[in-house]
Amino acid sequence: MANAITSVIIASASAVAKVFVIGFIGYVSAKRPRPVPILPPHSMNAISKMNFNLLILPLVYSTLASAVTPEKLGSLWFVLVSAIGVICLSYGVASLLGKLSF
């Protein structure tokens, strides 16, 4: 069981590291070179939204999905139960907040 948890932690760290590398490349392309950056400032908002919505999330999910096999998932049943619990709790909180008028 410890081996399965270790492989999931390594896959998660790998996915997060890839996200930081992509973020660093975006920072460098937006700020360097100083006089004229590679990416124009007026397009940064659209590019960052596209990057988050279309590229980062699939990168994280594909990295984690490649590390978790059905055999490992069977020994990590508490992770699956916890994930379902977090989803249900989030749904409940969002539903309650949605009914409040601000």
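Straight-line reach from Lys99: which lysines fall under 30 Å, measuring Cα to Cα and dropping same-chain residues less than 8 apart?
Within the straight-line cut-off, Lys99 pairs with Lys49.
In degrees between 0 and 90, to the nearest 10, how far off the longest principal axis of the chain does helix 77-99 point, with axes built from Cα atoms?
60
Spelling out what I want: for every residue of the range 66-73, take phi, set θ = phi - 60°, compute 6.51 cos²θ - 1.76 cosθ + 1.60 (Karplus), and round to whole Hz; glycine and proline get x.
Ordered by residue, 3J(HN,Hα) equals 6, 8, 9, 9, x, 5, 5, 5 Hz.
Out of all Cα-Cα pairs in the chain, roughly what percent, to the nearest whole number, are more than 21 Å apart?
57
Under 8 Å for C-alpha pairs, at least 6 residues apart: give me the relative contact order for the chain, rounded to a whole percent.
39
Towards the positive end of the charge dipole of the chain, with charges on Cβ (+1 Lys, Arg; -1 Asp, Glu), say which of Leu76, Met44, Phe24 has the farthest Cα.
Of the options given, the answer is Met44.
What nm value, rounded to one decimal, do you get for the distance between Thr6 and Leu73 when each label is placed 7 Å out toward the C-beta?
About 2.4 nm separates the two model spin labels.
Report the gain in length on full extension from Arg32 to Leu55: 0.36 nm times residue separation, minus Cα-Cα distance, nm rounded to one decimal.
Length gained between Arg32 and Leu55: 6.0 nm.
If you plug each phi of the range 36-48 into the Karplus form 6.51 cos²θ - 1.76 cosθ + 1.60 with θ = phi - 60°, what whole-Hz ³J(HN,Hα) values come out, in order, with x for Gly and Pro?
Along the range 36-48, the couplings run 9, x, 5, 9, x, x, 6, 9, 5, 5, 5, 5, 5 Hz.
List the extent of the Cα atoms of the range 41-100 along each of their three principal axes, largest first, rounded to whole Å.
49, 39, 10 Å, listed from the longest principal axis down.
With each pseudo-label sitting 7 Å past Cα toward Cβ, what's the Ala13-Ser48 distance in nm, one decimal?
Taking the two extended label points, one gets 2.9 nm.
Expected output is a single nm value to one decimal: the length gained when fully extending between Ser62 and Phe20, i.e. 0.36 nm times separation in residues minus the C-alpha distance. What is it?
Additional length available on full extension: 13.5 nm.
Every number in this text was worked out from the coordinates using simple rules, so none of it is lab data. Small disclaimer: the values here were computed from a predicted structure and weren't measured. Positions of Cβ are backbone-derived with ideal geometry, glycine not excepted, and every protein chain shown enters the neighbour counts.
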